[in-house]
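So the structure is just underneath, and the comments pick up after that.
The numbers here are math on the coordinates, done by the rules we state, and not lab data. For clarity, every value in this text was computed on a predicted model and none was experimentally measured. Every residue, glycine as well, gets a Cβ built from its backbone with ideal geometry; the counts of neighbours run over all protein chains shown.
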């Protein structure tokens, strides 16, 4: 269900407000990780390749959420995205065209949903 929520938030479908990749992931898991609406708004700065070190915004959002409660799962999330997208950096993912942005959102959300 959270994968579908993340996709809907990213695409702005099913009655959801359109959000960037980082916000979409945070919003989909806001209850599970106790993320406030204010925190979701803060993630507006991390989409479109603007996450630290140019990393995928979806992955950055996952790292922030997993850091406190599930730090050992961050590597799993990275590995899944790397194998699907070929990189963890937004620009490289886009240039490689192995996975679309919505695909990154779905991949990262699916990885978090398995926790």
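Shown for 63, 50: other C-beta atoms within 10 Å of each C-beta, ranked fewest to most, produce the order 50, 63.
For the pair the range 4-43 and the range 61-115, the centres of their Cα atoms are 15 angstrom apart. With one equal scatterer per alpha carbon and no solvent term, the Debye-computed log10 I(q)/I(0) for the chain at 0.11, 0.12, 0.16 1/Å reads -0.28, -0.33, -0.61.
Per residue of the chain, the DSSP helices (runs of n ≥ 4 H) give a summed -39500 (n - 2.57) that works out to -17500 deg cm²/dmol at 222 nm. For the range 74-96, list residues with backbone N below 11 Å from a point placed 7 Å from the Cα of residue 114 toward its Cβ? Under cut-off, by backbone N: 76-81. Listed from fewest to most Cβ neighbours within 10 Å, the set 65, 39, 1 follows the order 1, 39, 65.
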